[in-house]
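Structure, as structure tokens:
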Protein chains: 6
Amino acid sequence: MDPGTKQKLMGVSTATLCTALFKRGLSRQFIQDVRPLNPAQPNMVGEAYTLRYMPAREDLNTIEVFKNREHPQRKAVEECPPGAVLVIDSRKDARAASAGGILVSRLMKRGVAGIVTDGGFRDSPEIARLAIPAYHQRPAAPTNLTVHQAIDINVPIGCGDAPVFPGDVIVGDGEGVVVIPAHLADEVADEAVEMTLFEDFVQEKVMEGRSILGLYPPTDEQSRSDFAAWRRGKGR
Amino acid sequence: MDPGTKQKLMGVSTATLCTALFKRGLSRQFIQDVRPLNPAQPNMVGEAYTLRYMPAREDLNTIEVFKNREHPQRKAVEECPPGAVLVIDSRKDARAASAGGILVSRLMKRGVAGIVTDGGFRDSPEIARLAIPAYHQRPAAPTNLTVHQAIDINVPIGCGDAPVFPGDVIVGDGEGVVVIPAHLADEVADEAVEMTLFEDFVQEKVMEGRSILGLYPPTDEQSRSDFAAWRRGKGR
Amino acid sequence: MDPGTKQKLMGVSTATLCTALFKRGLSRQFIQDVRPLNPAQPNMVGEAYTLRYMPAREDLNTIEVFKNREHPQRKAVEECPPGAVLVIDSRKDARAASAGGILVSRLMKRGVAGIVTDGGFRDSPEIARLAIPAYHQRPAAPTNLTVHQAIDINVPIGCGDAPVFPGDVIVGDGEGVVVIPAHLADEVADEAVEMTLFEDFVQEKVMEGRSILGLYPPTDEQSRSDFAAWRRGKGR
Amino acid sequence: MDPGTKQKLMGVSTATLCTALFKRGLSRQFIQDVRPLNPAQPNMVGEAYTLRYMPAREDLNTIEVFKNREHPQRKAVEECPPGAVLVIDSRKDARAASAGGILVSRLMKRGVAGIVTDGGFRDSPEIARLAIPAYHQRPAAPTNLTVHQAIDINVPIGCGDAPVFPGDVIVGDGEGVVVIPAHLADEVADEAVEMTLFEDFVQEKVMEGRSILGLYPPTDEQSRSDFAAWRRGKGR
Amino acid sequence: MDPGTKQKLMGVSTATLCTALFKRGLSRQFIQDVRPLNPAQPNMVGEAYTLRYMPAREDLNTIEVFKNREHPQRKAVEECPPGAVLVIDSRKDARAASAGGILVSRLMKRGVAGIVTDGGFRDSPEIARLAIPAYHQRPAAPTNLTVHQAIDINVPIGCGDAPVFPGDVIVGDGEGVVVIPAHLADEVADEAVEMTLFEDFVQEKVMEGRSILGLYPPTDEQSRSDFAAWRRGKGR
Amino acid sequence: MDPGTKQKLMGVSTATLCTALFKRGLSRQFIQDVRPLNPAQPNMVGEAYTLRYMPAREDLNTIEVFKNREHPQRKAVEECPPGAVLVIDSRKDARAASAGGILVSRLMKRGVAGIVTDGGFRDSPEIARLAIPAYHQRPAAPTNLTVHQAIDINVPIGCGDAPVFPGDVIVGDGEGVVVIPAHLADEVADEAVEMTLFEDFVQEKVMEGRSILGLYPPTDEQSRSDFAAWRRGKGR
């Protein structure tokens, strides 16, 4: 993405981004049924680095497997690039953990921008206190070995029914997480900034008591000229 | 409803109201699986004004449709009476938004008493900061157009598996939302006030260490006379 | 359990306990999909005392049944031993309450250590303010009579897909609730204390910037000797 | 039940019985989401003998447990009275078998009237060829030990969200299974026979082209007199 | 629809129709999770006439309500036009019946083309023997009154997550049911006939051993000329 | 697998195989919630060749993509080895087809042993008439493009919550499908043949009226010697 794109995406909402994507024919880019553990964090923005889980076969998922430095879960945590977002396909199964406090702490220290799973995290109260955005379905204390086997790193995956390709731009806010296809990130960021500006104007007018009819969307000429004036006044 | 009924309903809980309705043979009036975005608000009380969504057909739900001033979602927001509660039948589908921050702000400014959907809201962090009670299943950033088409205003609907008729009295608290059939609102409010009084007495006695046996319900004569005395003492 | 076991279990997490159980071949001991109403409480630790609900048949579940002092729900509340945890099998059905504020208050006053249901509580905002740990799936205002009939006390049950035998040791924290088979409680508590010590060390090292490879698990000799030194330094 | 009641129940449908129960205020007596493996069988009628499963704890559910002659699953199969129906509470979980072909064959040879589980059977193709009615949710090849532990015999249970007490009268047909409270069996059977007679008349008239208005229910005097004449003509 | 359109739709599959709709940007027109009770019937084709259920409130749904000739369920059965398909929105809830054998018989006698519900039918074994196509989720013996209240006739509805407008063309086959927007019925029927012709050719070639590459779709010139020759040979 | 293993697996049931795997600590090898379209077929036996779907992004899944000869779905159909079973990870989502009649016909002609998806097939009535075993969740007329994007061939996947590695031995019967890890196939086949022999003996004895106690499992010495004699008599 463009150098300025990340900054732009820090200031817009996932709701606005979803609408910008919808205008481009993409309606399934919101990761369904995940929520922030630490909603007061600034937006999470970064390129997707993915981890894929499959169902665990008992003989391949004993506690010993973590001694293997090549275990994909541990490898992903050490290799996810700084600034990226680790997105995990847990098949929407939150009966066991996708990751825990120590691994998320390591990601934070390595400069990773955030972590998302459509399953759950263990140590969720600790993760909620870390300064790295984290999103999951619900807490899951059991080790991943009971349900999940980490099998692939940085392949295309599904997460919460959304398609995620490595390099897609992931944005999270207090509401949830959206996946922006890599080639659209710059233009969608630009449009979302514009939309946000207009929505700020609309919100201000609504709070002053104006009707939404003709204003949102601005089908009345008056709304459009008021917005132009407001914008000039704000210098935005 | 009677002039005093709203005031009474501001001071009782949805749990108490559900029991009062159960005594009258009504056991499905609690809207299942919705929660308050802003639980610290006072109770939400108002008559139901409804909006019905159906599944969205793609050709009828482009971004252009909002330019139509008669679009039922926008119309409902402008026409829902002050003091009423807007109740939305989203077929329990939270994959897309039932409404967003600007529309809920407009409802608030228009004096609407609250909003409930069995789907989700977009801009949920913003809505959580507004001074209007709002209840949903979970946040949903995508525009309603991706999943929902607003089709009917003020018809009987289902919301969270509860039947809702226009004019029914809707009450929400920190726990959830209950639907009181219009013709029962006054008597149920009266009974709930009485029940609340008794439950306050019971809670006080329990905190003093008394057993619930014979007290809750008051099968012991002692409990009944203690309550009468307590009540006189409190002047309630 | 040993006198010291409860104290040990107050200081470890459900996540650590799940791993200790997994090492012993037990992978289904976490109660799925329940959450604390009052997450700031200290850990909940106590032996399981159980209540089993079955689906309610209408003629057997009128409001009158609570006048019966032998009603199993009320009886369980009065007979659950101080220090025990009341665990309720609500068949994962949260459409009606498993219990409410007055009953939970009574449990608290009686010295019961906590309450868990895989259904929901009514009066959940009040319960959230009590000084007794309580876990449920989601709030449920309707009286239990609409969906549940209390039928058995202190028999083996399922709760959130976990097997619970009377006397099993129940531990809850901010993440959820785990069931430790009675005969394993002492040894699992001991092991969890050791594991927690090591995880504290690892977390500290990770926050200092160390890689997890070779450290977690400590396959490097260096990690093991560092831990030994750290432990001596801490006097733990 | 009365000697003639079983015979009457062999000739009526679960749909008719559900309506007769609904008229008595009972609306949850149909076992949800089970289907006959062998739908061409005559009705299944018998008194409920129950088996309750709880979630399996791994250490208590090794293959060795079946060597115990007191294992509740095996015991239930040998002790369920001839003429009774074995009803199993599998917590609606069909991931593992509630029973298999050999046990169902044994029940058949012992004269048991049928078997119902809200989970699944293994060896379902073989069971489908046996001359004993069997109802389940879907086939489930894994042994019950992987998910279920048999824990109680002949206690009140839930099955497919319906309440089942030992001795209740169970009736199954090509549609599903209904639970008639023991004390109502005789009167409900009588009423269902009458209803069936009337519905046979209505069906005949409808097939002759008559409107259902005024006929079903028979609000027109003409319908009632036609039925009386039809009945006399049939000698029923 | 055009006079010939119905005939064309009798000879094509729902799968082919779904693809034709997908090419026009419509991807949600298949009614999810319904199946034919009588799969050997010819295709069901007719214009949608709809019935909407809402959750039943107990006081409004006693057995007496059917005495009202204006009850929407009974009215719909008598007023659904011959040749139309009655499509019922049961909110995907199959716990109670959407209709039963007598009503479906009446529809058949009235010349109605078929019936679809996203809930269930009672008397399903009888309906399976009638000469009218019927589709549901699963059998449901309880009367609709226990869960559903018929509330609206011939309004836009959802059925199995598909949008259905009165007058849309409904097609059912052994696989399921698809909803064709009224204005597209003629062109989609024409295209589906053409597609079916080509698929018949492809199927024949595949059964002769040809690879699908270059054939399906016909990216090879050879495939296209073979098809042209085959078509001439068949005179289709 | 050994040359004789396939033959052995043709004669045993998935239920027996699940038990043999359970004895080896593997309890999740049954593919959940799939059923045969053509249950009268002989057993399906072959090594797994896999196809992985991810959620479809609209711009990457237009009807044009099938013109690409490298499209993974089409490629898998042409490259799945004769004798293998094509196992598809459709994320348990049956809203759109995993494959249709023409592709399954091509697999059959190519000598593939069977096909399994945890989603659905389109053209299911046609597939049900083909002489190749096919298993799915339920029919799904919409093209895969509406929900699924084929992304990987022959990687480890999940199917119906079971782990599937390429080369694992897949066995299907009238009940469902089980996944045998490749390295266990020979020994599990041997054991299953022995178990089947014993179960045939038990079934015969049960049909003669013998109790299962002491017989199944054969804890009585008499049962073991009877079996030995029976076996000699049968020459098996």
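A simple spin-label model places pseudo-atoms 7 Å from Cα toward Cβ; at C:Arg224 and A:Arg231 they are separated by 6.7 nm. For chain D, modelled as a GNM whose springs connect Cα atoms under 10 angstrom apart, the maximal fluctuation among D:Gly174, D:Gly120, D:Gly11 occurs at D:Gly11.
Semi-axis lengths, largest first, of the ellipsoid equivalent to chain D are 39, 16, 15 Å, with √(5λ) applied to each eigenvalue of the Cα gyration tensor. The trypsin sites (Lys or Arg not before Pro) found in the stretch A:35-106 that occupy coil by DSSP, while having at most 16 further C-beta atoms within 10 Å, are A:Arg69.
Using Cβ point charges alone (K and R +1, D and E -1), the dipole size of chain C about the Cα centre works out to roughly 480 debye. Pair-distance distribution P(r) for the stretch B:161-215, from all Cα-Cα distances in 10 Å bins starting at 0: 21, 36, 26, 16, 2 percent. Each of E:Asp226, B:Asp33, B:Asp173 was scored by other Cβ atoms within 10 Å of its Cβ. Listed from fewest to most, they are E:Asp226, B:Asp33, B:Asp173. Exceedance of the 21 Å cut-off in Cα-Cα distance is limited, within the set A:Lys92/F:Lys75; A:Lys205/B:Lys67; A:Lys205/B:Lys109; C:Lys23/C:Lys234; A:Lys75/C:Lys205; C:Lys75/D:Lys75, to A:Lys92/F:Lys75; C:Lys23/C:Lys234; C:Lys75/D:Lys75.
Each of C:Ala140, C:Gly83, C:Thr62 was scored by the projection of its Cα onto the charge dipole of the stretch C:57-147, and the greatest displacement toward the positive side belongs to C:Gly83; charges sit on the C-beta of Lys, Arg, Asp and Glu. Each residue, F:His71 and D:Glu70, gets one label point 7 Å from its Cα in the Cβ direction; the gap between the two is 6.4 nm.
Inter-copy label distances at B:Gln7, shortest first and taken from points set 7 Å along Cα to Cβ: 5.7, 5.7, 7.0, 7.5, 9.2 nm. Only helices enter this figure: runs of n ≥ 4 DSSP H residues, each worth -39500 (n - 2.57), summed and divided by the residues of chain A, yield -9500 deg cm²/dmol at 222 nm to the nearest 500. The Cα atoms of the stretch B:115-219 cover 55, 33, 24 Å along the three principal axes, with the biggest extent listed first.
Quick check on the stretch B:47-135: take the gyration tensor over C-alpha atoms, sort the square-rooted eigenvalues as a ≥ b ≥ c, and tell me if it's rounded (a/c under 1.5), prolate or oblate. Prolate, because a/c is 1.5 or more and a/b exceeds b/c.
Indicate the gyration tensor shape class of the protein assembly as shown (rounded, prolate or oblate), computed on the Cα atoms with a ≥ b ≥ c the square roots of the eigenvalues: a/c under 1.5 is rounded; otherwise a/b larger than b/c is prolate and the rest oblate. Rounded shape, in that the Cα axes give a/c under 1.5.
Bear in mind that the values in this text are calculations on the coordinates, not laboratory data. Everything quoted here is computed from the prediction, not taken from an experiment. In this analysis, Cβ positions are derived from the backbone assuming ideal geometry, glycine residues included, and neighbour counts consider all displayed protein chains.
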